[in-house]
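Report on the structure given below.
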Amino acid sequence: MNEVQTPKKPLIYYYSVVLLLLMLFNMLVMPWFAQRQVQEVDYGTFITMTEEGQVARAEIQEQENQIIFTDTQGRTVYKTGMVPDPTLTERLHEAGVQFYGEIIHPTSPLVSIFFSLILPLLFFIGLGQYFARKLTQRAVGENSMMFGLGKSNAKVYVKSSEGIKFSDVAGEDEAKENLAEIVDYLHNPGKYREIGARMPKGILLVGPPGTGKTMLAKAVAGESEVPFFSMSGSEFVEMFVGMGASKVRDLFRQAKEKAPCIVFIDEIDAIGKKRDGQLGGNDEREQTLNQLLTEMDGFEDNTGVVILAATNRPESLDPALLRPGRFDRRVPVELPDLKGREEILKVHVKKIKVDEGIDYNRIARMASGASGAELANIVNEAALRAVRDKREFATQADLEESIEVVIAGYQKKNAILTDEEKRIVAYHEVGHALVAAKQTDSAPVQKITIVPRTSGALGYTMQVEEGNHYLMSQSEIENKIATFTGGRAAEELVFGSITTGAANDIEQATKLARAMITRYGMSEDFGMVALETLNNQYLGGDTALACSAETQSRVDEQVMELIARQYEKAQRILSKNREKLDELAQYLYEKETITGEEFMQILHRE
Ligand code: ADP
């Protein structure tokens, strides 16, 4: 899409620049220039030159305590400080020098009044007129505001027909279906008007970062071939109170002029946060939000302006923003599933040169949990790898390696693990996998490697794609906790000591165990009582406690008990399969990588 609008700089901007340049010239260049002309000498030189008849003219400036004189060639002007010298005039006269006291240039009183009084007055009157004109223009809704501060600065894209289409956005079929209706409406609003149907004014795209929300909004504009105004929520918030509101007004005014069109507000939570009315609240943000609410109410239905907004934090938005008549439709844009990931990979692979016969399904399975943006990054990493290795196209191996690069960072080249540490990491990773495999009797991992990564991970385990399942049973969660504790259990069983390597496992196991008790109602004591609420489900999902301190300490006890029970189970499984544990760990230690198939083969070998 072509961006066609660049905001014009106001005239006063150029005036200020010229004024500034003049001032700089006056302050820096002129004195330097003047100094270059005048050569400073001592009084002795002046006297000698006078006696030798080299001085032509002299001006005695008593007030400045200096004498300015020229030599007979008249090329250089000299300057010297005055010294009490009663016979000076006599000597000058004798030497035939033309000399005078300070020359006073009488200026006419009219001229001095003009410069000291009238000129500044005229300047200020002019400035006042300029601002007065600007302010009245603003009041009557003209398109110019003081220094351009209240302008929306929205990027406008037209010629959307050349832009992004729905076909560029892979997967996300539900979201596309939902938005296709908007496209149809923008193409043919009459159809809807006839029947009396009202199009939603605002559509909120919600989902984790990098799932293609911005892309979808652009695709709607691309498909409907209408102008597309794009602005980020944070751009509304200015240092000056009231400017955000004025920007909202300007944006909507422009949009109404260009209707039918699409207005896209990215990261709307920056202005749309709940107004909590607390002291010291953010006035500017609240004013901006109020203005947005008013504007959304202000334009009639079916004007052809559709507002799309994107956010990762829908729960933090002000309820007034979400009520029908404003953002009344919510389109979830979730992380892609296996099929979605495969399609996204294919879309992005078109941009690079690849080997024939790439198994996209395999790569999509390996990149479980990756967002669209991460997949785009994986493809780009693969292309970069190919260039680095001086190949003309990227291969399957490039793509597979770049998954690990994007998710866990680059391999650390110089081995920093000692032999002992490497052995511990091997046992730790195999411990997890073995506990998992014994519980479910299926391959738990795609692949384990114990090459340290720049992210700090000492090993990397690629989980098996679990397929699209949305529910987890109690026993599945318990098994998962046991798997998390498997690493530490293996270390303790084999080495009799424990390491810091389990920190992340401990965190995850605790999170799961706590959620079982406080949110999933999976404890006998508390039953179906919500003791915690989830915030920010798309951004890590932190929780807020909603119970008394006593209950909290009982929850803590139960969490500890639950994890201890699973840890024991893991230890039992590992000691029962100690031989397999040793065999698998030895294999991993030697080869540094073990695939899921190899793992199961060794496990089932007699
Ligand atoms: P969001 O706004 O949700 O944070 P973006 O729309 O900015 O994410 O997406 C970032 C990048 O990720 C896009 O430029 C695109 O390359 C890639 N991407 C994300 N989702 C998809 C998808 N469904 N299909 C194709 N590319 C995608």
Taking placed amide H atoms and a strict 5 Å upper bound, the residues 5 or more places from residue 264 or on another chain that come that close are 229, 230, 231, 308
Whether the stretch 338-408 is rounded, prolate or oblate, judged on the alpha carbon gyration tensor where a/c under 1.5 counts as rounded
prolate
Phi-based couplings in Hz for the stretch 551-562 (Karplus 6.51, -1.76, 1.60; Gly and Pro marked x):
4, 4, 5, 5, 4, 4, 4, 5, 4, 4, 4, 4
Using θ = phi - 60° and Karplus 6.51 cos²θ - 1.76 cosθ + 1.60, couplings along the stretch 589-606 (whole Hz; Gly, Pro as x)
4, 6, 8, 6, 9, 9, 8, x, 5, 4, 4, 5, 4, 5, 5, 8, 5, 7
Of the listed peptides 330-341, 480-491, 546-557, 193-204, what is their order by residue-averaged count of other C-beta atoms within 10 Å, with the highest listed first?
480-491, 330-341, 193-204, 546-557
In nm, spacing of pseudo-spin labels at residue 586 and residue 545 (7 Å Cα→C-beta vector)
4.9
As I understand it, the value is the acute angle between the Cα axis of helix 396-408 and the longest principal axis of the Cα atoms of the chain; what does it come to in degrees, rounded to 10?
70
Taking Cα pairs under 8 Å and at least six residues apart, what relative contact order does the chain come out at, in percent?
10
Assuming a ≥ b ≥ c are the square roots of the Cα gyration tensor eigenvalues, decide whether the stretch 419-604 counts as rounded (a/c under 1.5), prolate (otherwise, with a/b larger than b/c) or oblate.
prolate
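The numbers here are math on the coordinates, done by the rules we state, and not lab data. Bear in mind the structure is a predicted one, so any value in this text is a computation, not a measurement. In this analysis, Cβ positions are derived from the backbone assuming ideal geometry, glycine residues included, and neighbour counts consider all displayed protein chains.
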